[in-house]
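Shown next, in structure tokens, is the structure this report addresses.
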Amino acid sequence: MSFVEVLAESELWIGEMRPVQVAGRRVLLLRTERGIHAYADRCPHLGHPLSRGTLEGGTLTCSAHEYAFDADTGRGKNPKNLQLTGIEVACRQGKILIDVDAARDAGAG
């Protein structure tokens, strides 16, 4: 794994999400009560950017067709048969780091 710094932890509050670029790929960072998560910034339905959606009460909802996902696990809520593509994230010394290789492999935009 090869990690790259993308944001200070203090810049991402609980209940917030933020798109970032990692190795030319779109990655969505979000923070819930349970922690910081990273996903490919594309809905598995039709590839619409998830960063245009909403994050409310632990649910990430795509703005295109209102597909809903558990923000902590990436599992589909509606419909249940879809899964977000997770990307390894780490926090060190107050910085949020993303695994560059995982971002590339995720095909994130």
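Readers should treat all values here as calculations from the given coordinates under stated rules, not as data from a laboratory. Bear in mind that the values here come from a model prediction, so they are computed numbers and not experimental data. Cβ: placed from backbone, ideal geometry, glycine included. Neighbour counts: every protein chain shown.
Listing for the model above:
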read-out	value
Selection from the range 81-104 of residues that are aliphatic (A, V, I, L, M), in a loop (DSSP other than H, G, I, E, B) and surrounded by fewer than 18 Cβ atoms within 10 Å (Cβ to Cβ)	Leu82
Residue in the range 19-40 that is more than 11 Å from the chain's Cα centre (by Cα), crowded, with 20+ Cβ neighbours inside 10 Å and part of a loop (DSSP other than H, G, I, E, B) present	no
Conditions (1) buried (at least 20 other Cβ atoms within 10 Å of the Cβ); (2) touching a residue at least 40 places away in the same chain (Cβ under 8 Å); (3) out of contact with any Asp or Glu (no Cβ under 6 Å at 6 or more places or on another chain); (4) not acidic (Asp, Glu): number failed by Gly53	(2)
